[in-house]
Every structure is written in structure tokens, then in C-alpha cells.
Amino acid sequence: MQLTIRPTSDKTFAERIIRQNMSTYYEKLDMRWETALFDKQWGALDGYELVINASPVGLLCINHDETAYYIRELQIDQKWQRQGLGSAAIRYTEETAQQAGIHLLRLRVFCINPAIALYERMGFSIFKTEDNTHYMQRRLL
């Protein structure tokens, strides 16, 4: 399996995989998908698709300020989960941040999302919890 991470502007794929993966959490937390908000945020993020055998199987969206890189979306197609793609995307973000001279990664994750275990394995820790969301961060060397 050869993973490629490359820039993408495919908003249709991004919206589809986010909605597919997050719909259960939205239902459990009594939330609604807001297309207008997604459209607004999409333009402010650097989007990357995770590609295997010429097919997109995941999405990574990041942005940054002068102090941190933020993982805004990390979505892996359900049939490709638990195969190291999320870890690879996090490592990609680490390398990108370090090349920019930034030594802090941050992300948000719903408190009921089992991906918390992945983030903790990758060295993230919770620094705040608010409104069913954990705010996590990891210092880079």
C-alpha cells in the first residue's frame, strides 16, 4: 500500500467524507450540518487528500498561525481506517509545522469520538474540554 498526501481543492469529496464520518456524532450530539459554514471554512484551510491506488481515501485540512498548526479535519474512509493513514497524516502535519518553525500542533475532537485514542498515542494531550469537545495539543521538538 503506497500512500500519497497531496493538495486538493475537491470540496465535494471533502464534504462527502466529513458528513459520512461525522453523521453519527452529529446525531448523538443533536447537531446539524451547516453547508454555509463548511463553505466559508473550506476557503480558509489547506486541504490535502490521502490517496491510495489513485483513489482518494482520506482528507486532511490544516491551517496555522504564528504559534501553532491546527488539524481542522482528519477523515479517513471507513474501509481504510485502522491501517495507519491517520498516523501518517499527523506525521505529515508535524513535518509541515517543523519546516515552518512552529513547534505546537492543536486539534479538536468530540469527547465521544474513539479517535481520541489515536491522538493520545501520537502524543497529544487534552488541555481543555468544552461543549462536548476536547481541545488537544502536542509540542514538537
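Each reported figure results from applying straightforward, stated rules to the coordinates on display, with no laboratory input. Because the structure is predicted, anything quoted here is derived from the model rather than measured. We place every Cβ from the backbone using ideal geometry, glycine too, and count neighbours over all the protein chains shown.
Listed values, structure above:
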{"read-out": "GLU95 paired with ARG82, simple spin-label distance in nm, labels 7 Å along Cα-to-beta-carbon", "value": "2.7"}
{"read-out": "CD proxy at 222 nm, helix term only [per DSSP H run n ≥ 4: -39500 (n - 2.57); per residue of the chain; nearest 500]", "value": "-10500 deg cm²/dmol"}
{"read-out": "Distance between modelled label sites at THR24 and SER55, nm, 7 Å Cα→Cβ extension", "value": "2.1"}
{"read-out": "Cα centroid separation - the range 106-127 against the range 1-37, whole Å", "value": "18"}
{"read-out": "Selected from ILE102, PHE127, PHE13, residue furthest toward positive end of dipole (the chain; charges at beta carbon)", "value": "PHE127"}
{"read-out": "For the range 6-65, diffusion coefficient by Stokes-Einstein and Kirkwood Rh (Cα), 25 °C, 0.890 mPa s, µm²/s", "value": "196"}
{"read-out": "Point-charge dipole on Cβ atoms (K/R +1, D/E -1) for the chain, about Cα centre, debye to 20", "value": "320"}
{"read-out": "Ellipsoid semi-axes in whole angstrom, largest first, where each is sqrt(5λ) of the Cα gyration tensor of the range 3-139", "value": "20, 19, 16"}
